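Asks: Got a structure for you, written out below as structure tokens; questions coming shortly.
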Amino acid sequence: MEKKATRDGYGEGLVELGENNPEVVVLCADLSGSTKASMFMKKFPDRYFSMGVAEADMISTAAGFALAGKIPFVSSFSVFVMGRTWDQVRVNASYSGLDIKIGGSHSGISVGPDGPTHQALEDIAISRVLPNMKVIVPCDAIETRKATIASAGIQGPVYTRFGRAAVPVITEDDTPFTVGKANLLREGSDLTIIACGLMVYEALTACDILKKKGISARVINMHTIKPLDIAAVVNAAEETGAIVTVEEHQLFGGLGSAVSEVIVQNCPVPVEMVGMKDCFGESGEAEELLEKYHLKDRDIVEAARKVLKRKK
Amino acid sequence: MDRKLIEQLEVKAKQLRFDIIEMLGEAGSGHPGGSLSSADIFAALYFSVLKHDPKNPGWEERDVFILSKGHVCPGLYAVLAESGYFPKDELMTLRKLGSRLDGHPSKLKGLPGIEVSSGSLGMGLSVANGAALAFKLNKAGRRAYCLMGDGELQEGQIWEAAMTAAHYKLDNVCGIVDNNNLQIDGECEKVMNVKPLAEKWKAFGWNVIDIDGHKLEEILEAFNKAKESKGKPSVIIARTIKGKGVSFMEDQAGWHGKAPDKEQTEQALKELEN
């Protein structure tokens with residue numbers, strides 16, 4: 001299976017936007033090569049702005065671009081562009097309702113050897129809690145390109161989360177992508193696995209393993225965390241009666257929390273969550289880390305076994 | 001200098017001070033000290049310096065004004081209303097439930113003339129830079145102005161923005177520091193020394209203009225000098241008196257964030273009427 005980093009999809013999306021929309025500008029905080037903002041820089045140097053290692057200034061500068069009618073994309077690692085700058089994002093983007101598009105690369109534990117300071121595991125929680133903010137976690141490079149392009153057409157701030165590691169490409173150019181509308185990847189009746197980001201691939205392989213055991217799992221790619229596709233979650237709960245959520249993020253406040261908020265209010269069914277268990281990662285290769293911190297298909301299978309036991 | 005214009009602006013500044021006290025007296029909370037110290041700057045900006053159209057707040061040729069020290073919004077609200085952005089009656093809704101005049105400026109509430117929400121300090125100069133960069137990109141002759149407090153200069157982001165403006169040679173950016181030397185906890189020098197101001201801005205590559213922030217002639221001349229600056233951003237360090245215009249509030253840190261009671265409001269308004 002072809003592998004490609006989601007950040008490449010971000011760079012490709014920016015270039016496509018640059019070609020089609022003269023109002024798009026890109027800002028980056030000394031990580032243009034890593035975030036792939038460099039792809040835009042090379043084609044549209046006049047519309048690319050190097051902001052130095054000053055992420056707070058970058059967010060507020062983007063607010064200025066936005067109020068002057070531009071569509072600014074700010075790019076850095078997720079920990080810096082969403083974490084370090086949270087108050088700037090809150091006041092200048094969220095509370096001002098301005099068209100700032102935040103591209104967070106190097107999210108999740110799959111960042112690898114750089115270690116915990118660079119592995120964003122809290123960014124979904126701190127972004128989705130902000131009013132007016134939309135949060136997208138695409139599953140592969142193609143979907144990241146589509147999300148990047150779609151975000152330019154959305155009014156108000158959008159946070160798009162992607163990663164460093166090359167991950168399987170599981171969608172195609174003509175796979176539908178609509179912000180806020182979940183993609184059903186596998187039909188199933190015993191339980192539903194709801195995943196985002198690179199965990200969608202793990203959910204698919206977990207589904208195959210479960211199938212061999214005679215268990216029919218529905219798989220949903222929940223690429224938009226906010227606004228969450230409530231209907232998809234409610235249908236999954238009503239029709240399959242058990243849910244497993246999977247994310248490369250802390251269990252507190254992320255996809256699992258967002259899904260559970262819908263479940264408890266609409267259609268209480270057992271939920272098991274796969275994610276980071278209130279701890280930091282460490283240095284190591286991406287694959288080693290995913291194994292050690294239980295973010296592999298076998299961990300999803302184990303969660304499925306648990307949730308089915310609880311299912312009435 | 002046009003003597004008549006100066007006199008008109010002085011009348012406007014006095015009116016703004018009157019409105020500020022009236023609003024704060026009615027609201028029962030808020031920030032008079034910095035609102036009063038920057039009243040002359042507000043008057044100069046909105047009645048002489050800024051290219052703007054109160055009847056068309058989103059005018060695509062307008063200059064933008066960013067209030068970085070959001071807590072002095074009574075001053076901004078007063079000047080916006082006086083300019084005709086919204087009816088003056090609305091000033092009396094300051095800080096009340098359902099009002100568009102929140103305790104700190106809210107872009108979301110849609111009050112005409114508010115470019116961006118503020119209140120958390122240190123962000124405004126960056127916003128002005130972003131607008132100025134966009135103006136340059138569009139080859140538009142528009143300018144971006146930003147009012148900061150001197151205590152606010154303790155925020156690191158201000159100096160990030162100071163670097164950015166100089167790096168991109170944003171001569172269409174004009175910062176104004178309301179240098180009243182006081183912040184909530186007392187003298188800026190004691191809370192966290194930010195001096196020497198002029199030398200710091202110069203070292204960051206700015207054109208520095210030092211003035212008496214209550215002399216309208218000096219204020220107008222400073223804005224003209226800023227417009228003439230080529231290749232670098234300008235900052236006007238306006239030496240001011242916190243609480244200016246109300247005898248018992250002048251140079252008192254205690255009046256940073258406290259509204260006058262009924263009696264104090266009456267006394268202050270009486271002083272401002274004279």
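The values are calculated or read from the model by the stated rules, or taken from the named source; none is laboratory data. Bear in mind the structure is a predicted one, so any value in this text is a computation, not a measurement. Cβ coordinates were reconstructed from backbone atoms using ideal geometry, including for glycine residues, and neighbour counts include every protein chain displayed.
Asks: Mind listing whichever residues of region A:39-51 are within 11 Å of chain B (Cβ to nearest Cβ) and aliphatic (A, V, I, L, M)?
Replies: A:51
Asks: Here's a check for you: in region B:106-121, which residue that is among the aliphatic types (A, V, I, L, M) and more than 7 Å from chain A (Cβ to nearest Cβ) is nearest to residue B:42 (Cα to Cα)? Give the derivation first.
Replies: In the first step, residues of region B:106-121 are kept if they are among the aliphatic types (A, V, I, L, M); the result is B:108, B:111, B:114, B:116, B:121.
Okay, now just the ones that are also more than 7 Å from chain A (Cβ to nearest Cβ), so B:111, B:114, B:121.
On the way: B:111: 17, B:114: 14, B:121: 19 Å.
Checking each candidate, the answer is B:114.
Asks: From the list A:137, A:89, A:111, which one is within 14 Å of another protein chain (Cβ to nearest Cβ) and at negative phi?
Replies: Being within 14 Å of another protein chain (Cβ to nearest Cβ) and at negative phi holds for just one of A:137, A:89, A:111, which is A:89.
Asks: Only one of these is surrounded by 17 or more Cβ atoms within 10 Å (Cβ to Cβ), touching an Asp or Glu at 6+ places or on another chain (Cβ under 9 Å) and not aliphatic (A, V, I, L, M): B:12, B:51. Name it.
Replies: On the way: B:51 fails: surrounded by 17 or more Cβ atoms within 10 Å (Cβ to Cβ).
After ruling out the rest, the residue left standing is B:12.
Asks: Among residues belonging to region A:52-68 that are among the aliphatic types (A, V, I, L, M) and more than 7 Å from chain B (Cβ to nearest Cβ), point out the one that is surrounded by the fewest Cβ atoms within 10 Å (Cβ to Cβ). Outline the logic, then answer.
Replies: Of all residues in region A:52-68, those among the aliphatic types (A, V, I, L, M) come to A:53-54, A:56, A:58-59, A:62-63, A:66-68.
Right, trim to more than 7 Å from chain B (Cβ to nearest Cβ) and you get A:53, A:58-59, A:66.
Numbers: A:53: 12, A:58: 30, A:59: 35, A:66: 28.
Of everything passing the filter in region A:52-68, A:53 is surrounded by the fewest Cβ atoms within 10 Å (Cβ to Cβ).
Asks: Across region A:217-238, what is the number of residues that are without any contact (Cβ under 8 Å) to a residue 40 or more places away in the chain and closer than 24 Å to residue A:1 by Cα?
Replies: 3
Asks: Residue check: is residue A:138 within 18 Å of residue A:51 (Cβ to Cβ) and either surrounded by 24 or more Cβ atoms within 10 Å (Cβ to Cβ) or in the same structural domain as residue A:274 (by TED's automatic domain parsing) (or both)?
Replies: no
Asks: Next question. Among B:103, B:124, B:34, which is modelled with pLDDT of 95 or more and away from every other protein chain (no Cβ under 14 Å)?
Replies: One residue alone meets the criteria, B:34.
Asks: Does any residue of region B:140-155 turn out to be within 14 Å of chain A (Cβ to nearest Cβ), closer than 30 Å to residue B:259 by Cβ, assigned to a helix (DSSP H, G or I) and in contact (Cβ under 8 Å) with a residue 60 or more places away in the chain?
Replies: Yes, region B:140-155 contains a residue that is within 14 Å of chain A (Cβ to nearest Cβ), closer than 30 Å to residue B:259 by Cβ, assigned to a helix (DSSP H, G or I) and in contact (Cβ under 8 Å) with a residue 60 or more places away in the chain.
Asks: Also: Identify all residues within region A:220-248 that are more than 30 Å from residue A:94 (Cα to Cα) and among the hydrophobic types (A, V, I, L, M, F, W, C); write none if there are none.
Replies: So the first thing to find is which residues in region A:220-248 are more than 30 Å from residue A:94 (Cα to Cα), and the list is A:235-244.
Listed by number, the residues that qualify are A:236, A:237, A:242, A:243, A:244.
Asks: Given region B:187-251, what helices (runs of 4 or more DSSP H) lie entirely inside it while holding 1 or more residues that are at pLDDT 95 or above and closer than 14 Å to residue B:149 by Cα?
Replies: B:188-192, B:197-203
Asks: Given the conditions (1) assigned to a helix (DSSP H, G or I); (2) touching a residue at least 12 places away in the same chain (Cβ under 8 Å); (3) in contact with a helix residue (DSSP H, G or I) (Cβ under 6 Å, 6 or more places away or on another chain), which single one is not true for residue A:130?
Replies: All conditions are met except number (1).
Asks: Could you identify the single residue in A:147, A:152 that is closer than 22 Å to residue A:70 by Cα, in the same structural domain as residue A:112 (by TED's automatic domain parsing) and buried (at least 24 other Cβ atoms within 10 Å of the Cβ)?
Replies: One residue alone meets the criteria, A:147.
Asks: Report yes if some residue within region B:159-175 is among the charged types (D, E, K, R), under 23 Å from residue B:127 (Cα atoms) and within 14 Å of chain A (Cβ to nearest Cβ); otherwise report no.
Replies: Looking for residues that are among the charged types (D, E, K, R), under 23 Å from residue B:127 (Cα atoms) and within 14 Å of chain A (Cβ to nearest Cβ), one finds at least one in region B:159-175, hence yes.
Condition check ((1) assigned by TED's automatic domain parsing to the domain that holds residue A:143; (2) part of a helix (DSSP H, G or I); (3) buried (at least 22 other Cβ atoms within 10 Å of the Cβ)) across all residues:
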| site | (1), (2), (3) |
| --- | --- |
| A:203 | no, yes, yes |
| A:210 | no, yes, yes |
| A:219 | no, no, yes |
| A:231 | no, yes, no |
| A:239 | no, yes, no |
| A:244 | no, no, yes |
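Asks: For residue B:272, state whether it is of a type in the set (A, V, I, L, M), surrounded by fewer than 20 Cβ atoms within 10 Å (Cβ to Cβ) and out of contact with any strand residue (DSSP E or B) (no Cβ under 7 Å at 6 or more places or on another chain). Lay out the reasoning, then the answer.
Replies: Working: of a type in the set (A, V, I, L, M): yes; surrounded by fewer than 20 Cβ atoms within 10 Å (Cβ to Cβ): yes; out of contact with any strand residue (DSSP E or B) (no Cβ under 7 Å at 6 or more places or on another chain): yes.
It is true that residue B:272 is of a type in the set (A, V, I, L, M), surrounded by fewer than 20 Cβ atoms within 10 Å (Cβ to Cβ) and out of contact with any strand residue (DSSP E or B) (no Cβ under 7 Å at 6 or more places or on another chain).
Asks: Of everything in region B:112-139, what is of a type in the set (Gly, Ala, Ser), touching a residue at least 12 places away in the same chain (Cβ under 8 Å) and buried (at least 24 other Cβ atoms within 10 Å of the Cβ)? Give them in sequence order.
Replies: Within region B:112-139, B:117, B:118, B:122, B:124, B:126, B:128, B:131, B:132 qualify.
Asks: Which of the residues belonging to region A:13-38 are more than 14 Å from chain B (Cβ to nearest Cβ), surrounded by 21 or more Cβ atoms within 10 Å (Cβ to Cβ) and assigned to a loop (DSSP other than H, G, I, E, B)?
Replies: Selection gives A:36, A:37.
Asks: While we're on this one: For the subset of region B:160-195 comprising residues that are under 26 Å from residue B:249 (Cα atoms) and without any contact (Cβ under 8 Å) to a residue 60 or more places away in the chain, which member is farthest from the chain's Cα centre (by Cα)?
Replies: B:190
Asks: Take the residues in region A:92-108 that are more than 13 Å from chain B (Cβ to nearest Cβ) and not β-branched (Val, Ile, Thr), then tell me which one is farthest from residue A:34 (Cα to Cα).
Replies: Here the residue is A:101.
Asks: Collect the residues in region B:233-251 that are touching a Gly at 6+ places or on another chain (Cβ under 6 Å) and surrounded by fewer than 23 Cβ atoms within 10 Å (Cβ to Cβ), keeping them in residue-number order. If you could, list the steps in order and put the result at the bottom.
Replies: Our first condition is that a residue be touching a Gly at 6+ places or on another chain (Cβ under 6 Å); within region B:233-251, this holds for B:235, B:238-240, B:242-243, B:249-250.
Those that are touching a Gly at 6+ places or on another chain (Cβ under 6 Å) and surrounded by fewer than 23 Cβ atoms within 10 Å (Cβ to Cβ): B:239, B:250.
Asks: Now for a different question. Of the residues A:306, A:292, only one is in contact (Cβ under 8 Å) with a residue 12 or more places away in the chain and either assigned by TED's automatic domain parsing to the domain that holds residue A:223 or under 23 Å from residue A:160 (Cα atoms) (or both); which?
Replies: Just one listed residue meets the conditions, A:306.
Asks: Being part of a loop (DSSP other than H, G, I, E, B) and more than 20 Å from the chain's Cα centre (by Cα) is the filter here, so list the residues in region A:253-312 that pass it.
Replies: Once the filter is applied, which keeps residues that are part of a loop (DSSP other than H, G, I, E, B) and more than 20 Å from the chain's Cα centre (by Cα), region A:253-312 yields A:267, A:268, A:269, A:270, A:282, A:283, A:284, A:285, A:311, A:312.
Asks: How many of the residues in region B:210-222 are in contact with a strand residue (DSSP E or B) (Cβ under 9 Å, 6 or more places away or on another chain) and either free of Cβ contacts under 8 Å to residues at least 24 places away in the same chain or surrounded by fewer than 23 Cβ atoms within 10 Å (Cβ to Cβ) (or both)? Lay out the reasoning, then the answer.
Replies: Going through region B:210-222, the residues in contact with a strand residue (DSSP E or B) (Cβ under 9 Å, 6 or more places away or on another chain) turn out to be B:210-214, B:218-219, B:221-222.
Next cut, either free of Cβ contacts under 8 Å to residues at least 24 places away in the same chain or surrounded by fewer than 23 Cβ atoms within 10 Å (Cβ to Cβ) (or both) only: B:210-212, B:214, B:218, B:221-222.
Within region B:210-222, residues that are in contact with a strand residue (DSSP E or B) (Cβ under 9 Å, 6 or more places away or on another chain) and either free of Cβ contacts under 8 Å to residues at least 24 places away in the same chain or surrounded by fewer than 23 Cβ atoms within 10 Å (Cβ to Cβ) (or both) number 7.
Asks: Consider region B:161-183. How many of its residues are part of a helix (DSSP H, G or I) and surrounded by fewer than 24 Cβ atoms within 10 Å (Cβ to Cβ)?
Replies: Of the residues in region B:161-183, 3 are part of a helix (DSSP H, G or I) and surrounded by fewer than 24 Cβ atoms within 10 Å (Cβ to Cβ).
Asks: Follow-up question, since we're still on this one. Looking at residue B:71 and the list (1) under 19 Å from residue B:245 (Cα atoms); (2) away from chain A (no Cβ under 14 Å), which single condition is not satisfied?
Replies: (2)
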